[in-house]
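One structure below.
The values are calculated or read from the model by the stated rules, or taken from the named source; none is laboratory data. None of the values given here were measured: they were computed from a predicted structure. Here Cβ is always computed from backbone atoms with ideal geometry, including for glycine, and neighbour counts include all displayed protein chains.
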Amino acid sequence: MNADPPLSSRASLLGLFGFVVVCIGVSWIAAWATSTSVGSWYPTLTKPDFTPPDEAFAPVWLTLYILMALAGWRVWRKAGFAGAGGALSLFAIQLVLNLLWPVLFFGLQQIEWALVDIGLLWLAIAATAVAFWRTDAFAGVLLLPYLAWVSFAAVLNYEIWRLN
């Protein structure tokens with residue numbers, strides 16, 4: 001069986017740029033959805049004592065989106081869309097679920113539906129990490145901080161739902 005020829009440096013960099021643009025694009029849309037009520041509705045909610053300060057969320061999410069982009073790029077670079085179609089489809093699904101969460105929680109102020117979404121998101125991230133691991137172990141590892149943060153966010157979402 002012949003292996004695909006290695007990507008040129010230019011193609012690889014363009015691919016990296018594409019993954020970064022997609023992931024940062026999702027983050028911008030999520031930030032917009034969050035901005036609709038983060039300063040008005042969200043402060044009125046009862047939150048658990050372990051809620052991080054508002055200033056912590058943007059740098060954490062920016063870091064996670066960059067890690068997601070790097071992970072997706074590594075898998076694409078190693079196997080291409082044809083060779084890693086399943087893994088990259090899972091990646092796309094988790095991005096959609098990721099984007100849906102702030103729309104549900106902040107935009108529509110539906111805490112319970114956001115909790116359902118974050119549960120599905122957690123499963124999608126876990127499945128993506130496993131699928132990525134099979135193609136590129138380091139790409140799977142790059143998703144672990146994201147899975148850990150979403151685990152924490154799910155507990156926080158649950159507690160906010162419970163308290164309100």
Expected single match for surrounded by 15 or more Cβ atoms within 10 Å (Cβ to Cβ), among the hydroxyl-bearing types (Ser, Thr, Tyr) and in contact (Cβ under 8 Å) with a residue 40 or more places away in the chain among Ser27, Ser37 is Ser37
Looking for something touching a residue at least 60 places away in the same chain (Cβ under 8 Å), surrounded by fewer than 17 Cβ atoms within 10 Å (Cβ to Cβ) and within 17 Å of Leu62 (Cα to Cα) - is there at least one such residue anywhere in region 123-140? no
Of the residues Ala79, Ala69, Ala84, only one is touching a Cys at 6+ places or on another chain (Cβ under 7 Å) and surrounded by 11 or more Cβ atoms within 10 Å (Cβ to Cβ); which? Ala69
Does region 124-143 contain at least one residue that is touching a Cys at 6+ places or on another chain (Cβ under 9 Å), in a helix (DSSP H, G or I), modelled with pLDDT of 95 or more and not hydrophobic (A, V, I, L, M, F, W, C)? no
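Quick grid of which residues meet (1) under 18 Å from Trp76 (Cα atoms); (2) within 17 Å of the chain's Cα centre (by Cα); (3) basic (Lys, Arg):
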position	(1), (2), (3)
Ile118	no, yes, no
Leu121	no, yes, no
Ala131	yes, yes, no
Arg134	yes, no, yes
Subset tally (residues that are in a helix (DSSP H, G or I) and over 18 Å from Ala92 (Cα atoms)) for region 10-48: 13
Scanning region 40-60 for residues that are more than 20 Å from Leu163 (Cβ to Cβ) and free of Cβ contacts under 8 Å to residues at least 60 places away in the same chain, which turns out surrounded by the most Cβ atoms within 10 Å (Cβ to Cβ)? Ala58
Check off (1) part of a helix (DSSP H, G or I); (2) farther than 20 Å from Leu142 by Cα for Gly80 and give me the number that stays unchecked. (2)
Of these, Gln94, Gln109, which one is part of a loop (DSSP other than H, G, I, E, B) and either surrounded by 15 or more Cβ atoms within 10 Å (Cβ to Cβ) or not hydroxyl-bearing (Ser, Thr, Tyr) (or both)? Gln109
Log entry, pairs with first residue in region 146-161 being over 13 Å from Val60 (Cβ atoms), second being not in a helix (DSSP H, G or I), beta carbons closer than 7 Å, six or more apart or on different chains, reads Glu159/Pro48; Ile160/Leu45; Ile160/Lys47
